[in-house]
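Undergrad: One structure is given below, represented as structure tokens, and several questions about it will come after.
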């Protein structure tokens, strides 16, 4: 799903107060990280993630990989943090403009 600028801005405003719920560590994106991201996206739709200091990936690389593996869309990347979004088709929680 490709987001337009207005939708991305709306999701960024929703992501601002969120706590970081997913961390990418020194092993990079593992099967467990992928499963956790998938489950979080299913439950919340909007997930804020962080890349640890000793991780082999940058935040942009981790965001691209997770989006590809989970079918999500990147919302933003700032420093070591990034936000991804995937709409839940059965029970959508976030209605995009």
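Undergrad: Rounded to the nearest 10 degrees, what's the angle between the helix 59-70 long axis and the longest principal axis of the chain, both from Cα atoms, 0 to 90?
TA: Roughly 60 degrees, rounded to the nearest 10.
Undergrad: Here's something else I'd like to know. Compute the distance in nm between two label points, each set 7 Å from the Cα along the Cα-to-Cβ direction, one at residue 19 and one at residue 95.
TA: The answer from the label model is 2.9 nm.
Undergrad: Would you mind calculating the gained length between residue 35 and residue 4 on full extension (0.36 nm times residue separation, minus the Cα-Cα distance), in nm to one decimal? Kindly include the intermediate steps, with their values, before the conclusion.
TA: On the way: separation 31, 0.36 × 31 = 11.16 nm, distance 2.69 nm.
That pair, residue 35 and residue 4, stretches by 8.5 nm at full extension.
Undergrad: Nearest 5 is fine: what % of DSSP beta bridges in the range 6-97 come out antiparallel, could you say? If you can, show how the numbers build up before the last one.
TA: Values: 11 of 14 bridges.
Percent antiparallel among DSSP bridges in the range 6-97 is about 80.
Undergrad: Over the chain, what is the relative contact order in whole percent, taking alpha-carbon pairs under 8 Å and six or more residues apart?
TA: That works out to 32 percent.
Undergrad: For every helix of n ≥ 4 consecutive DSSP H residues, a contribution of -39,500 (n - 2.57) applies; sum these over the chain, divide by its total residues, and give [θ] at 222 nm rounded to the nearest 500 deg cm²/dmol.
TA: -12000 deg cm²/dmol
Bear in mind that the values in this text are calculations on the coordinates, not laboratory data. Note that this is a predicted model, so its numbers are computed, not measured. Backbone-built Cβ (ideal geometry, glycine too); neighbour counts: all protein chains shown.
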